[in-house]
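Here is the structure we will look at.
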Amino acid sequence: MVRSMEWQQFEYFKTLAQMQHVTRASEALSITQPALSRSITRFEEEIGVPLFERQGRSIRLNKYGQLFLQRVENIMRELKKENRKFKICSIPTRVKYPLDFCIR
């Protein structure tokens, strides 16, 4: 059962999935390798499936991870797009008719 996922967990997952190297991903995210590993493990537990195959020091997405990465990228893209819209809508303006997407 998914409880309360945080944006940061999605960022960590996406970065690790793209780099497929824990040390490099942790450096890119400016966190320690153990912290990234713990976060990914908790993320997998929350989702209920493993997302990576681990063999020694190597890590790569499994079939669930590949599917989940596509969804995460779509979710993040949509949220960023909507966030930009809200920022635009919150700018004070003297326009008589607001932008269409601001009044939906």
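Of all residues being part of a helix (DSSP H, G or I) and not polar (S, T, N, Q) in segment 4-13, which is farthest from L67 (Cα to Cα)? Just the residue, please.
Across segment 4-13, the extreme among qualifying residues is W7.
Hey, any hits in segment 14-31 for a residue that's in a helix (DSSP H, G or I), of a type in the set (D, E), open to solvent by 100 Å² or more (accessible area, probe 1.4 Å) and modelled with pLDDT of 90 or more?
yes
Of the residues that sit in segment 33-56 and are in contact with a helix residue (DSSP H, G or I) (Cβ under 6 Å, 6 or more places away or on another chain) and part of a loop (DSSP other than H, G, I, E, B), which one is least open to solvent (accessible area, probe 1.4 Å)?
L51
The values are calculated or read from the model by the stated rules, or taken from the named source; none is laboratory data. On a predicted model such as this, the values are computed, not experimentally measured, just so you know. Note: ideal-geometry Cβ built from the backbone for every residue, glycine included; neighbour counts use all protein chains shown. Side chains included, ligands, DNA and RNA excluded: accessible areas come from the protein's heavy atoms. Shrake-Rupley method; radii C 1.70, N 1.55, O 1.52, S 1.80 Å.
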